[in-house]
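To start, the structure itself, in structure tokens.
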Amino acid sequence: MLLLRNIHKVYSEDPLKRSILKGLDFTINTGDFISIKGASGAGKSTLLNIIALLDDISDGEYYINGDKVIYEHSNVLNDIRRTTFGFIFQNYNLLDNLSVRDNILLPLYYLQGNFRNSQHKLLNLCSILNIKCFLNSYPKTLSGGEKQRVAIARALINNPSYILADEPTGALDTTSAIEFMKLLIDINKSGTGIILVTHDDNVSKYADKSFFLNDGMIMTL
């Protein structure tokens, strides 16, 4: 469970010291599939970065599975981030100089994973996602939908509790976007939580719970 209580976020470099998040309370249960909507600049990506431990908070408390996040313990936070969360981005964030295989396995380098034991997981994921034939290819040779499937495999290779997806269908055509969302549903059915940031109603409708971020606060839709 992810528990955010009275979360405030002010960026110190902002001369006006504007609050992006204003006393936000938010609970995400294990296995939830949620979408977060909001206007541009509402703080959706900021909230996702806080959840992902990529950004700290100005005030409030954040608990992951009952343990309070201590932002001063950066090494601990890095370990929690790498084992708890998988990431899917709008622009894929694949490394063009690495093969599809190495892109997918990249999170395990940071976890110092056992690559021999990971091969079964890799091949199983690629079979499910229908990208096994691309393992020795490079990202520049793939279509947008194929790249996003590689990104899904990379996000799942470390068995995360939650997938965090920031506008993941923004670069996909309608057919690829629908296929992508159906894959997320299947992933969620296996017990992995999905936290999806989007501005698209056609994407958010796939979530079990939808929230709207406005003026630094979050509301249920």
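The values are calculated or read from the model by the stated rules, or taken from the named source; none is laboratory data. Bear in mind the structure is a predicted one, so any value in this text is a computation, not a measurement. When we count neighbours, we look across all protein chains shown, and the Cβ atoms used for this are built from the backbone with ideal geometry, even at glycine.
Going through the range 171-194 one residue at a time, which ones are surrounded by fewer than 18 Cβ atoms within 10 Å (Cβ to Cβ) and closer than 21 Å to Ile50 by Cβ?
Those that are surrounded by fewer than 18 Cβ atoms within 10 Å (Cβ to Cβ) and closer than 21 Å to Ile50 by Cβ: none in the range 171-194.
Look at Asp67 and say whether it is over 20 Å from the mean Cα position of the chain (by Cα), among the charged types (D, E, K, R), within 29 Å of Asp173 (Cα to Cα) and at pLDDT 95 or above.
No: the conditions fail for Asp67.
For the range 1-53, which fully contained strands (runs of 3 or more DSSP E) count at least 2 residues that are under 15 Å from the mean Cα position of the chain (by Cα) and at pLDDT 95 or above?
The strands (runs of 3 or more DSSP E) meeting that bar are 33-37.
Does Thr174 satisfy the condition of being over 15 Å from the mean Cα position of the chain (by Cα) and closer than 22 Å to Val197 by Cα?
Spelling it out, Thr174 is indeed over 15 Å from the mean Cα position of the chain (by Cα) and closer than 22 Å to Val197 by Cα.
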